[in-house]
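Engineer: Next up is a structure, given as structure tokens.
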Amino acid sequence: MSNTVSLTKVEYSDLTSRAKAYDMIVSLVQKEVAFIPPVRSTKKIISELKKTEKYSQDFLKSIERGFQRSAHFTK
């Protein structure tokens, strides 16, 4: 059995374009995921969010619970 695959130039061009686009998306996502917030204090972050008066108490409590589960943030 042969290990060769034949593609037309159009198919090859389409596959290489898709591969490049996929690589670009993966690169961008990795940069975003690798971002480490500069502030680790949960109290400070919640305090700053409250000051904006844009967020409900339920939302802020939800964010705080999420921070408590994270190993990155401190109390």
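The values are calculated or read from the model by the stated rules, or taken from the named source; none is laboratory data. None of these values were measured; they are calculated from a predicted model. Cβ: placed from backbone, ideal geometry, glycine included. Neighbour counts: every protein chain shown.
Engineer: Do you know which of the residues in the stretch 25-63 that are of a type outside the set (A, V, I, L, M) and in contact with a Phe, Trp or Tyr (Cβ under 7 Å, 6 or more places away or on another chain) is modelled with the lowest pLDDT?
Structural biologist: Selected residue: Arg40.
Engineer: Read through the list (1) at pLDDT below 85; (2) assigned to a helix (DSSP H, G or I), then give the number of the only condition that Ala71 fails.
Structural biologist: The single condition Ala71 does not satisfy is (2).
Engineer: Right, next: Just checking, how many residues over the stretch 1-58 are aliphatic (A, V, I, L, M), loosely packed, with under 10 Cβ neighbours inside 10 Å and either touching a strand residue (DSSP E or B) at 6+ places or on another chain (Cβ under 8 Å) or outside any helix (DSSP H, G or I) (or both)?
Structural biologist: Selection size over the stretch 1-58: 4.
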